[in-house]
Amino acid sequence: MSQTDCLFCRIVAGDIPADIIYESDRVVAFRDINPQAPTHVLIIPRAHVSTINDMTEDHSPDFAALFLAARLIAQSEGIADDGYRVVMNCNAGAGQSVFHVHLHLLGGRRMTWPPG
Ligand code: 5GP
Ligand code: ZN
């Protein structure tokens with residue numbers, strides 16, 4: 001379901017431009033507008049889900065598709081062998097600022113742990 005007041009639903013609908021690098025029937029991936037690493041891609045389900053807390057069994061194929069897309073994009077971005085990170089922030093306390101679930105795919109630099 002698409003929400004007109006949701007930034008990422010509007011990107012899926014083509015109402016707001018984005019540097020889209022991958023699309024499937026379930027997910028869309030585009031470059032983050034404020035990249036935190038040389039490769040920083042956001043992978044989102046076409047169907048609106050606000051946070052991981054809202055995920056149900058029905059969403060399982062979409063969430064699987066997010067990770068499969070991450071694997072493909074890591075290969076095509078040339079970061080698969082060196083290593084990369086996938087992050088999904090849930091709610092404001094974890095830093096979520098756009099309330100349409102998205103997987104951050106980050107790579108191209110050395111990552112540190114623990115995350116901030
Ligand atoms: P969050 O903080 O919710 O985990 O991640 C939201 C991400 O969306 C941030 O990394 C932010 O830079 C990115 N972002 C916010 N607005 C836009 C936009 O209009 N276009 C793109 N490509 N990325 C955006
Ligand atoms: Zn949305």
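Coordinate-derived values only; no laboratory data. Here the structure is a predicted model, which is why all the values come from computation and not from measurement. Glycine also receives a Cβ, built like all others from the backbone with ideal geometry; neighbour counts cover every protein chain displayed.
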Which of the cysteines found in the chain have nothing to pair with, since no other Cys Cβ lies under 4.7 Å from theirs? Cys90
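Ratio of Rg to Rh for the chain, alpha carbon only, Kirkwood? Walk me through the numbers before you get to the answer.
Details: Rg = 13.6 Å, Rh = 14.5 Å.
Value, to two decimals: 0.94.
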Cα long-axis angle, helix 60-77 against the chain (0 to 90 degrees, to the nearest 10): 40
Compute the distance in nm between two label points, each set 7 Å from the Cα along the Cα-to-Cβ direction, one at Arg109 and one at Ser76. 2.4
What residue among Asp82, Asp62, Asp32 shows peak mean-square fluctuation when the chain is described by a Gaussian network model with Cα springs under 10 Å? Asp82
From the helices alone, meaning DSSP H stretches of at least four residues, give me the mean residue ellipticity at 222 nm for the chain, per-run term -39500 (n - 2.57), in deg cm²/dmol to the nearest 500. -7000 deg cm²/dmol
